[in-house]
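Undergrad: Sharing a structure with you now.
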Amino acid sequence: MTQAREEPYPGIRHGETTLAFDPAERVDAGVRFIGRIRTPWARGDCPRNVTSARERAAAEGGRFRVELEDGFAPGLTGLDVGRGVFLIYWMHQARRDLITQAPRHVEGTRGTFALRSPNRPNPLAMCAVTITAIDPLAGWFEVDAVDCFDGTPLVDIKPWTAAVDTPAEALKP
């Protein structure tokens, strides 16, 4: 059973709570990073979401490249320019102990699982992007934009398919 503490703690906002344990110390599975994401973003300069990243890329330019580790290039077979994919990545600089958060863009406190914040027990992030260039033999591809720091570890790539990945409610007339 977890216990949350609400006392003031350096680095958290009023109303936020932390777990009474470090989730990184309780490992249930292993993850192998398959590559890195190259972006123009760094701490203090990274857009909060992929929509903002696209807007900034349109205004300022920028290159967004996914570089696979040795051995993973054959996994790109079948992907082409114009294809939508999900990038699943590990927000390696995020906090893992916040269980409630007080985001600046909404009133009040929300549970971590009700937010897309990178601060979470398992700091996974996901965004839908479009491939803009690809060299499957060399093991890299470029995308329209992504909202993570340069060098962010890549966990997985999955093709985006409208018939499968669009929520049923969005398909209703």
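The values are calculated or read from the model by the stated rules, or taken from the named source; none is laboratory data. Predicted model only: the values in this text are computed from it and were never measured. Quick reminder, even Gly has a Cβ in these numbers, built from the backbone with ideal geometry, and neighbours come from all protein chains shown.
Undergrad: Give me the pairs: first residue in the stretch 6-27 and under 10 Å from Arg96 (Cβ atoms), second residue of a type in the set (Gly, Ala, Ser) and at pLDDT below 85, beta-carbon distance under 9 Å, and six or more apart or on different chains, which are they?
TA: Thr18/Ala4; Leu19/Ala4
Undergrad: Kindly evaluate Val81 against the criterion of being in a loop (DSSP other than H, G, I, E, B), farther than 27 Å from Gly11 by Cα and either of a type in the set (A, V, I, L, M) or in contact with a Phe, Trp or Tyr (Cβ under 9 Å, 6 or more places away or on another chain) (or both). So that I can check it myself, show each step before the final result.
TA: Numbers: in a loop (DSSP other than H, G, I, E, B): yes; farther than 27 Å from Gly11 by Cα: yes; either of a type in the set (A, V, I, L, M) or in contact with a Phe, Trp or Tyr (Cβ under 9 Å, 6 or more places away or on another chain) (or both): yes.
It is true that Val81 is in a loop (DSSP other than H, G, I, E, B), farther than 27 Å from Gly11 by Cα and either of a type in the set (A, V, I, L, M) or in contact with a Phe, Trp or Tyr (Cβ under 9 Å, 6 or more places away or on another chain) (or both).
Undergrad: What number of residues within the stretch 58-101 satisfy the criterion of being closer than 30 Å to Asp22 by Cα, modelled with pLDDT under 95 and not polar (S, T, N, Q)?
TA: The qualifying residues number 8.
Undergrad: May I pose another question? Hey, Ala125 hits all of (1) in contact (Cβ under 8 Å) with a residue 60 or more places away in the chain; (2) hydrophobic (A, V, I, L, M, F, W, C); (3) under 24 Å from Gly30 (Cα atoms); (4) buried (at least 18 other Cβ atoms within 10 Å of the Cβ) but one; which does it fall short on?
TA: (1)
Undergrad: Also, quick follow-up: Identify the residue in the stretch 97-122 that is in contact with a helix residue (DSSP H, G or I) (Cβ under 9 Å, 6 or more places away or on another chain) and without any contact (Cβ under 8 Å) to a residue 40 or more places away in the chain and, among all such residues, is farthest from Ala29 (Cα to Cα).
TA: Restricting to residues being in contact with a helix residue (DSSP H, G or I) (Cβ under 9 Å, 6 or more places away or on another chain) and without any contact (Cβ under 8 Å) to a residue 40 or more places away in the chain, the top hit is Asn119.
Undergrad: Only one residue in Val155, Val81, Val143 is β-branched (Val, Ile, Thr) and either loosely packed, with under 13 Cβ neighbours inside 10 Å or in contact with a Cys (Cβ under 8 Å, 6 or more places away or on another chain) (or both). Which one?
TA: Every option except Val81 fails the conditions.
Undergrad: Any residue at all in the stretch 12-29 that is of a type in the set (A, V, I, L, M, F, W, C), touching a Leu at 6+ places or on another chain (Cβ under 9 Å), within 16 Å of Pro123 (Cα to Cα) and surrounded by 19 or more Cβ atoms within 10 Å (Cβ to Cβ)? Quick ask: steps written out before the conclusion?
TA: Going through the stretch 12-29, the residues of a type in the set (A, V, I, L, M, F, W, C) turn out to be 12, 19-21, 24, 27, 29.
Narrowing further to those that are touching a Leu at 6+ places or on another chain (Cβ under 9 Å): 12, 19.
Restricting the remaining residues to those that are within 16 Å of Pro123 (Cα to Cα) gives 19.
Next, from what is left, pick out any that are surrounded by 19 or more Cβ atoms within 10 Å (Cβ to Cβ): none.
Looking through the stretch 12-29, none of the residues is of a type in the set (A, V, I, L, M, F, W, C), touching a Leu at 6+ places or on another chain (Cβ under 9 Å), within 16 Å of Pro123 (Cα to Cα) and surrounded by 19 or more Cβ atoms within 10 Å (Cβ to Cβ).
Undergrad: Would it be correct to say that Gly84 is touching a strand residue (DSSP E or B) at 6+ places or on another chain (Cβ under 8 Å), at positive phi and not aliphatic (A, V, I, L, M)?
TA: It is false that Gly84 is touching a strand residue (DSSP E or B) at 6+ places or on another chain (Cβ under 8 Å), at positive phi and not aliphatic (A, V, I, L, M).
Undergrad: Check whether at least one residue in the stretch 59-67 is touching a residue at least 12 places away in the same chain (Cβ under 8 Å), farther than 30 Å from Arg26 by Cα and crowded, with 19+ Cβ neighbours inside 10 Å, and report yes or no.
TA: Yes, because at least one residue in the stretch 59-67 is touching a residue at least 12 places away in the same chain (Cβ under 8 Å), farther than 30 Å from Arg26 by Cα and crowded, with 19+ Cβ neighbours inside 10 Å.
Undergrad: Another question, if that's okay. Can you tell me which residue in the stretch 132-173 is farthest from Asp45 (Cα to Cα), limited to those that are of a type in the set (A, V, I, L, M) and assigned to a loop (DSSP other than H, G, I, E, B)?
TA: Kept after step one, since they are of a type in the set (A, V, I, L, M), are these residues of the stretch 132-173: 133-134, 137-138, 143, 145-146, 154-155, 157, 162-164, 168, 170-171.
With assigned to a loop (DSSP other than H, G, I, E, B) added as a condition, the list becomes 137-138, 145-146.
Numbers: Leu137: 32, Ala138: 30, Ala145: 14, Val146: 13 Å.
For the stretch 132-173, the residue satisfying everything is Leu137.
Undergrad: I've got another one for you. Can you confirm whether the stretch 7-15 contains a residue that is part of a loop (DSSP other than H, G, I, E, B), at pLDDT below 90, touching a strand residue (DSSP E or B) at 6+ places or on another chain (Cβ under 8 Å) and of a type in the set (Lys, Arg)?
TA: The answer is yes; a qualifying residue exists.
Undergrad: Which of the residues spanning the stretch 52-78 are within 23 Å of Ile157 (Cα to Cα) and part of a loop (DSSP other than H, G, I, E, B)?
TA: If the condition is that a residue be within 23 Å of Ile157 (Cα to Cα) and part of a loop (DSSP other than H, G, I, E, B), then Gly62, Arg63, Phe64, Glu69, Asp70, Gly71, Phe72, Thr77, Gly78 are the ones that fit.
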